[in-house]
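Right, one structure below, let's go through it.
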Number of protein chains: 2
Amino acid sequence: MKAICLMSGGLDSTVTAYFAKLLGYKIYALTFDYGQKHRKEIDCAMRVAKILGVKEHRILKIELPDSSVSALTTNTINVPEGNIYRTEIPSTYVPFRNTILLSYALSWAEAIKADAVFIGANALDYSGYRDCRPMYYEILQRLVDVASGVPIEIKTPIIKLNKREIIELGSRLDVPFEETWSCYQGNERPCLRCDSCLLRAKGFYENDAADPALTEKEWKTITAQLLGRYSKVE
Amino acid sequence: MKAICLMSGGLDSTVTAYFAKLLGYKIYALTFDYGQKHRKEIDCAMRVAKILGVKEHRILKIELPDSSVSALTTNTINVPEGNIYRTEIPSTYVPFRNTILLSYALSWAEAIKADAVFIGANALDYSGYRDCRPMYYEILQRLVDVASGVPIEIKTPIIKLNKREIIELGSRLDVPFEETWSCYQGNERPCLRCDSCLLRAKGFYENDAADPALTEKEWKTITAQLLGRYSKVE
């Protein structure tokens, strides 16, 4: 059994790829260089895929039609900070990004007759992106059933897990969390302030574990932020 | 009103873009350099878009995950010749190509708040590609409705027209057919043998017109081929 795994180098997609491996799939990893500021995650994806022992890893450099609209791809828009319970779509949203990435994954899947495409989409502790919702994947599966010459299943194993559960699952699967990168900023170290940093820290905190990707000092800084801002965190 | 028009430089997508203009849309043309052998169509797309008077024209260079599977992108597979009534999927099929191209078009559409995306997909005189069927576009529209932050309509105005009707429509809209390119081969002149050349010639023939993109000699050659092979053509 073969599976294409979208691996961004982040925590969610890494846990998803480890889960696919657990299920017995040979992993064909696919990573995109789409001009994201946080390019460090591409190096992380390469290291993590190697540790996981993937069959093949492709890194596709793609150009988005309009990269000026998202804080992930332009410096003229700021990455939002410190609001993990937002309800509106944040400025990090790249229109149809997951659709673009998935269509490439599906193209490769049909070409090598892979059985599945795994994506670490998550509808709970997420940033409000529309293409992370279960309904999106239900309709996409119908599109794939019509468009593909071979049966391909879209797999979203962590779509309904919260960050604490994703990290718990990853721990059981020996995911090398210290090699993953979640921060949306393009700095050398995680900014400890963006949504992605805070969501990740919250997950480790609720799991009674420190994030092994952070130094002790960084961990203290971010947990203090969490405790200060969100009285619900215990 | 704004519309993204996928313009390949071929006959179908050119007629579709002219139709979009007729309907009053400002046209944002999108063309892909995906390593196709018939790169001449990219030059044609540029000329045709200019004649049409598009608001903006973007040419995106993209890398397909596995270009070795299609006769359109590799020299190790031959472009099929002389069978326009085939029922199986031909070797020119690029897995999920339209899905990749459309996801880029949709990304741009959402970014600039375009009202529609036009694609010259055709389900009649076509080459058997699954992503040219109406059902594919019905499901894609549902996916867009879920994934997009702005309403975007996928428009396939010529999906149920035959080649003769497409050419008839194009004539009424003053489409510069002589600037369009349909041949799948990467030669200086149309090969006059591939499915795409034959379908196009059949359309002009049934319209009692010669293809203005061909020399008189080329037109005679290809109509002789059509008459020799397909007794149904009158």
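Bear in mind that the values in this text are calculations on the coordinates, not laboratory data. Please read all numbers here as calculations on a predicted model, not as lab measurements. All Cβ positions, glycine included, derive from the backbone under ideal geometry; neighbour counts span all protein chains shown.
For this structure, a couple of remarks:
- Cα-based convex hull, region A:3-58, per residue volume (Å³, whole number): 61
- Unit charges on C-beta of K, R, D, E only; dipole of region A:100-234, Debye: 440
- Neighbour net charge for B:Lys55 - beta-carbon separation under 9 angstrom, K R +1, D E -1: +1
- For region B:130-210, the list of trypsin sites (Lys or Arg not before Pro) that fall in a loop by DSSP and count at most 15 other C-beta atoms within 10 angstrom reads B:Lys160.
- By other beta-carbon atoms within 10 Å, ranking B:Ile4, A:Ile42, A:Ile222 with the fewest at the front produces A:Ile42, A:Ile222, B:Ile4.
- Across identical copies of the chain, A:Glu216 has label-point separations of 9.2 nm, listed in ascending order, with the point defined 7 angstrom from Cα along Cα→Cβ.
- Inter-centroid distance (Cα atoms) of region B:1-63 relative to region B:126-196, Å: 11
- Karplus-derived 3J(HN,Hα), 6.51/-1.76/1.60, for each residue of region B:144-155, Hz, glycine and proline x: 5, 4, 7, 8, 9, x, 10, x, 10, 9, 8, 10
- Cα-Cα P(r), region A:106-223, percent of pairs per 5 Å interval: 2, 10, 17, 19, 15, 14, 10, 7, 4, 1, 0
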